[in-house]
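Here's the structure, in structure tokens; my notes come after.
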DNA sequence: CGTGTAAGGAATTCTGACACG
DNA sequence: CGTGTAAGGAATTCTGACACG
């Protein structure tokens, strides 16, 4: 879980270049709870590469005409599934070591 | 080769936080050719996670009292070795496919 | 609803230089 | 040699708002 891909270190200007989205759009999607940047002490937004990918997904969905609320629900579903997979993997690993003991 | 780790997307302020080095130090190491950030169109420095790791290495060496010129030479040696390993790996892969054909 | 834009302010970054040593 | 700092300017980012639709 995590490493470079999930480290929040990219400022909004760079994210804008990377995704082709305007800063306005990126901030709006945050307002709509599709994306969750961190902040520096002074309030600057910081994004991860995962966030960049997520924004690309959002951009694709938007192009298809999907509304932000729908996208939000889809993303939440994805996030849940991912969490479940991670938990199962963790369980597998624990089980493995329990047997081996 | 490359991916997130080598993508230059981190501004100097964040790099400073990540490494514990002052911006002055980071810029100076660039001046001494130890580190090679890219620039945005408007001239802002952009670093990769690899650069951050490299700066941590530099910081350690500096703490040991190693001068920047020495560190530079060491890093160049490392970079060369890495390149060679990559070339060899590439050769291996090519050979593999040649045989398989 | 989703996005553009102008507005004013605050934080960031840049360079060249002086300082110490 | 390596780093701190003050200086002045330019670029970045932030928020809240008006606009269109």
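What to note about this one:
- Starting from the label point of residue A:32 at 7 Å along Cα→Cβ, the same points in the other copies fall at 4.9 nm, in ascending order.
- The stretch B:20-59 and the stretch A:55-100 have Cα centres separated by 35 Å.
- For peptides A:64-72, B:50-58, A:28-36, A:77-85, sequence by mean Cβ density within 10 Å, most packed first: B:50-58, A:28-36, A:64-72, A:77-85
- Each copy carries a label point for residue B:78 at 7 Å from Cα along the beta-carbon vector; from one copy to the others these points are 3.5 nm apart, nearest first.
- For residue A:53, label point 7 Å along C-beta direction: distances to other copies, nm: 1.8
- For chain A, averaging the sequence separation of C-alpha pairs within contact (under 8 Å, six or more residues apart) and dividing by the residue count gives a relative contact order of 28 percent.
- Bins of 10 Å from zero: percent of alpha-carbon pairs in chain B: 14, 39, 27, 12, 7, 1
- At 1.002 mPa s and 20 °C, Stokes D of the protein assembly as shown from Kirkwood alpha-carbon radius, µm² per second: 106
Every number in this text was worked out from the coordinates using simple rules, so none of it is lab data. Keep in mind that what you see is a predicted model, and the values were worked out from it rather than measured. For neighbour counting, all protein chains shown are included, and Cβ atoms are generated from backbone atoms with ideal geometry for every residue, glycine included.
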